[in-house]
Amino acid sequence: MIELRNVTKFYKTSKGKKYILNDVSQIIPTHTNVGILGRNGAGKSTLLRMLGGIDFPNSGTIRSDKTFSWPMGLAGGFQGSMTGRQNVKFVCRIYGKSEIEIEDAIESVKDFSELGDYFDMPIKIYSSGMKSRLSFGLSLFFDFDYLIIDETLSVGDKNFQVKSKAALRKKIENCNVLLVSHSMPILKEICDSGIVVNGGQMQYYEDINEAIQVYDTINK
Amino acid sequence: MKKRTSLTIFKSVIFALFLREIQTRFGTKKLGYFWAIFDAMLMVLVFASLKSAISENSMPGLDFPVFLATGFLAFFLWKNIVTKAIGAFSSNQALFNYVQVKPIDTLITRFLIEILVSSMATLVFLALGLYFEFDIAVKDFSLVILSVVWLSIFGFSVGLFTAIVGTFYETFIKIVNILMTPMMFISALMYSVDSLPPLLREIILYNPLVHFIEMIHGNYFSVLNTQYVDYSYMFYWTFVPLFLGLYFYSKAEKKIISSR
């Protein structure tokens, strides 16, 4: 369960405060895969980052006893001067993995991400798609209660998309996912429930199809 | 995923950051080892030859290059701790994407690395000193170590304070960086405070670093003493920025994590 209590989050702009969430209280139940919908700039990514514990509300609290992955998005999240391999090692180490487990992780991430020689080159020369492949491949190695995924299922070629969707479906047998996507088919396929973020409010819907309908009316 | 205590997490984060920093500094660029001793070595050579060109031995009873080496090694230890701490947040911003990595971890890691690098440089200097048969005898070894440890903490305090304030006022970082170069000349590195005229002596003693360098010199060389060292002045300069820095940090941690 994730509980948001009186959460307010805004950004200061030259035209005053831009509210992402304005005094939102909401409970997101356990054991449901949540799709997050909203227009560009509505604050979907910020919401994900707050749920993942690396961004913070201006007031109010977000509480959960679950573990969350790092937000996997197109916006990086890796240290550019390090190679893919070094980044994998780093992340394994901060999660307290042993050297043997690290070797396993390197093998499986290298295999899954299909980066080839790029795996030993600095991340800064990666395309955003390559970064998300590395990030997603790495996250599969850990046992989180929630995977936080921001728009990364649609990267790579067709083959890779099929592969990562299959991997995700296997993964969510044992965990749940918080997924931002603009692709309705993906949302329908992966998610059970939905959240629509719009105009400083967010609303939880038990059925993803209902959330998609609401989102469609907003977009009209 | 099984829960870990915050101490366990802290230790694994420091370990991971440590290896990462070592890799970027000494891994791909093999010259990292060279740069670790280059600064201090260059200064010792320059000022030792200047001195021998200008005058005879103005510091009887000690080898002037050893005097320079102790001062400059201490100075660069301090300077590197401060400047590396200042850049710690911005150069590790991407790693705050992982909830375990707190900004202060990056400061602590860089602090530990500077101490390691400086210790290695000191060993190289000691080996060279022995080889060229300089007089490297130490008057009071434990007090020299204490001075260096205190100096390191002083560096950490200044670095922490500057890094936090610099997050909100970038100009402050620029000012501190600009001050570093003149600091080299006003920190009693190539002369002793005792050798200065009284007025200059009084002015220079406002520089806290002078007290640390004098404490090291005074305890290293049997012909020098620590008569000008003001321990309470050093204490204030160490702990006021440290506590202010930690206090500001506790207020600003979330902002540092989420700023990008």
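No value in this document is a laboratory result; all are computed from the given coordinates. Nothing here was measured: the structure is a model prediction, and the numbers come from that model. Every residue, glycine among them, receives a Cβ derived from its backbone with ideal geometry; neighbour counts consider all protein chains shown.
Of note:
- Our summary gives chain A a relative contact order of 28 percent, counting only alpha carbon pairs under 8 angstrom and 6 or more residues apart.
- When the alpha carbon gyration tensor of region B:47-201 is reduced to an equivalent ellipsoid, its three semi-axes come out at 34, 19, 13 angstrom, largest first.
- Taking 17 Å as the cut-off, the amide N atoms of region B:163-177 that come nearer than this to a point 7 Å along the Cα-to-beta-carbon line of B:S250 belong to B:164-165.
- Expected 222 nm ellipticity per residue - DSSP helices of 4 or more, -39500 (n - 2.57), all of the protein assembly as shown, to 500: -18500 deg cm²/dmol
- Summed side-chain charge close to A:M121 - residues other than A:M121 whose Cβ falls under 13 Å, Lys, Arg +1, Asp, Glu -1: +2
- In order along region A:106-117, the phi-based Karplus estimate (6.51 cos²θ - 1.76 cosθ + 1.60, θ = phi - 60°) of 3J(HN,Hα) comes to 4, 4, 6, 5, 4, 5, 5, 6, 6, 8, x, 5 Hz; Gly and Pro are listed as x.
- Value of Rg/Rh across region A:120-220 [Cα atoms, Kirkwood radius]: 1.01
- Other residues within the sphere of radius under 10 Å centred on the Cβ of A:S64, judged by their own Cβ, net out at -1 (K and R +1, D and E -1).
- Under 5 Å, built H, 5+ apart or other chain: amide partners of A:I36: A:L179, A:V180, A:S181, A:I195
- Of the cross-linked pairs A:K12/B:K174; A:K18/A:K44; B:K102/B:K254; A:K97/B:K11; B:K79/B:K139, those separated by over 19 Å at the C-alpha level are A:K12/B:K174; B:K79/B:K139.
- Amide H within-cut-off set for A:G199, under 5 Å, with H built and near neighbours excluded: none
- Derived value for chain B: Kirkwood hydrodynamic radius 19.7 Å. Basis is the mean of 1/r over every pair of different alpha-carbon atoms.
- Based on C-alpha pairs under 8 angstrom that are at least 6 apart in sequence, chain B has a relative contact order of 24 percent.
- As a calculated quantity, the FRET efficiency between B:I186 and A:D143 at R0 = 45 Å, using C-beta atoms, amounts to about 0.20.
- A:E189 sits among other residues whose Cβ lies under 13 Å from its own Cβ, and their net charge, with Lys and Arg +1 and Asp and Glu -1, is +2.
- Degrees, to the nearest 10: B:170-185 long Cα axis against longest axis of chain B: 20
- Relative counts (whole %) of C-alpha pair distances in the protein assembly as shown, using bins that are 20 Å wide: 21, 44, 25, 10, 1
- Between the C-alpha center of region A:155-197 and that of region B:8-52 there is a gap of 46 Å.
- Per-selection Kirkwood Rh - region A:10-136 (Cα, Å, 1 d.p.): 17.1
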